[in-house]
Amino acid sequence: MQLTKIQKLTGQIELVSGLHIGSGNTEIHIGGTDNPVIKNPITQEPYIPGSSIKGKMRSLLEWHLGVVEITQGQPLSFKHLNNLPGDVKEKAENLIRLFGGAPDSNNNDDLVKKIGPSRLSFWDCSLDPAWVTEMRDVKNLPLTETKMENMIDRIRGVAEHPRNTERVPATAKFDFNLTIRVHDSEDLLDTVLQGLKLLELTGLGGSGSRGYGKIRFTDLKLDDQSVQDRLETINP
């Protein structure tokens with residue numbers, strides 16, 4: 001097995017609806033929100049962590065492949081491959097190639113060598129500088145919005161327990177990029193694009209069932225060659 005090239009997949013993530021990816025900060029500051037978004041500590045601009053994209057994309061591909069019941073909710077790994085039917089096993093091996101899997105002492109060494117190291121590296125997605133300039137300098141608007149949410153008392157029909165959640169508003173654009181390490185003559189791009197399409201269909205971040213996190217990928221290029229049309233034709 002030989003590393004023959006490293007491909008770069010770039011593009012933009014455009015928000016169709018407001019996005020909330022939490023900061024993990026449980027403190028409530030005076031004048032602040034109950035549920036802030038994660039921000040760059042230097043610029044204080046919101047961003048999308050690469051880990052959020054990777055985790056959601058991997059989970060969706062495993063659900064789409066139908067292996068979640070077999071893995072009992074754990075990430076797909078080497079130890080699960082022997083329990084998969086032949087028509088699924090090859091695709092499962094490709095998922096481990098892309099995202100990695102934790103081998104243990106019971107794994108077949110030949111299989112571990114055959115699959116090799118993980119191929120994908122996900123990078124944090126910063127806000128598109130042009131969008132930031134438009135919001136701050138042209139429109140004089142903040143980079144986030146605060147959305148009030150309430151629980152409805154079904155009997156009295158009144159709102160209770162109001163809570164405000166910080167979101168990055170619709171129309172925001174983030175610069176997206178990941179790298180794909182290619183070994184020998186393999187081509188795993190179709191699986192990667194399928195994962196991106198599943199993200200478009202299901203969204204990113206929290207509160208997706210309430211309309212948050214609808215996204216679309218635009219201007220996708222692999223090593224400066226457009227693959228946007230390939231994404232658009234995928235129907236998972």
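The values are calculated or read from the model by the stated rules, or taken from the named source; none is laboratory data. As the structure is a prediction and not an experimental result, all values here were calculated from the model. When we count neighbours, we look across all protein chains shown, and the Cβ atoms used for this are built from the backbone with ideal geometry, even at glycine. Only protein heavy atoms, including side chains, enter the accessible area calculation; ligands, DNA and RNA are left aside. Shrake-Rupley method; radii C 1.70, N 1.55, O 1.52, S 1.80 Å.
What pairs come up if the first residue lies in region 156-179 and is closer than 30 Å to Q225 by Cβ, the second is loosely packed, with under 12 Cβ neighbours inside 10 Å and at pLDDT 95 or above, and their beta carbons are under 9 Å apart, counting only those six or more places apart or on different chains?
Every condition considered, the pairs that remain are K173/A130; D175/P129.
For the condition over 18 Å from I53 (Cα atoms), among the small types (G, A, S) and open to solvent by 20 Å² or more (accessible area, probe 1.4 Å), what is the one hit in S207, S185?
Numbers: S207 fails: over 18 Å from I53 (Cα atoms).
Testing whether each residue is over 18 Å from I53 (Cα atoms), among the small types (G, A, S) and open to solvent by 20 Å² or more (accessible area, probe 1.4 Å) leaves just S185.
Please verify whether K221 is within 22 Å of E45 (Cα to Cα) and either in a loop (DSSP other than H, G, I, E, B) or open to solvent by 40 Å² or more (accessible area, probe 1.4 Å) (or both), treating the condition exactly as stated. Let's see the steps before the verdict.
Details: within 22 Å of E45 (Cα to Cα): no; either in a loop (DSSP other than H, G, I, E, B) or open to solvent by 40 Å² or more (accessible area, probe 1.4 Å) (or both): yes.
It is false that K221 is within 22 Å of E45 (Cα to Cα) and either in a loop (DSSP other than H, G, I, E, B) or open to solvent by 40 Å² or more (accessible area, probe 1.4 Å) (or both).
Please tell me if W123 is modelled with pLDDT of 85 or more, within 30 Å of K79 (Cβ to Cβ) and either touching a helix residue (DSSP H, G or I) at 6+ places or on another chain (Cβ under 8 Å) or surrounded by 11 or more Cβ atoms within 10 Å (Cβ to Cβ) (or both).
Values: modelled with pLDDT of 85 or more: yes; within 30 Å of K79 (Cβ to Cβ): yes; either touching a helix residue (DSSP H, G or I) at 6+ places or on another chain (Cβ under 8 Å) or surrounded by 11 or more Cβ atoms within 10 Å (Cβ to Cβ) (or both): yes.
Answer is yes for this residue.
Residues checked against (1) free of Cβ contacts under 8 Å to residues at least 12 places away in the same chain; (2) in a helix (DSSP H, G or I):
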site	(1), (2)
L196	no, yes
L199	no, yes
G205	no, no
S209	yes, yes
L231	no, yes
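Report yes if some residue within region 117-134 is of a type in the set (D, E), outside any loop (DSSP other than H, G, I, E, B), within 28 Å of I21 (Cβ to Cβ) and more than 23 Å from the chain's Cα centre (by Cα); otherwise report no.
Within region 117-134 (the criterion being of a type in the set (D, E), outside any loop (DSSP other than H, G, I, E, B), within 28 Å of I21 (Cβ to Cβ) and more than 23 Å from the chain's Cα centre (by Cα)), the answer is yes, since at least one residue qualifies.
Please determine, by comparing only the residues of region 51-86 that are part of a loop (DSSP other than H, G, I, E, B) and touching a residue at least 24 places away in the same chain (Cβ under 8 Å), which one is surrounded by the most Cβ atoms within 10 Å (Cβ to Cβ).
It comes out as L76.
Could you tell me which numbered condition E145 fails, if it satisfies all but one of (1) among the charged types (D, E, K, R); (2) within 29 Å of Q7 (Cβ to Cβ); (3) surrounded by 13 or more Cβ atoms within 10 Å (Cβ to Cβ)?
(2)
Among residues belonging to region 87-113 that are open to solvent by 70 Å² or more (accessible area, probe 1.4 Å) and assigned to a helix (DSSP H, G or I), point out the one that is modelled with the lowest pLDDT.
Going through the qualifying residues, I end up with D109.
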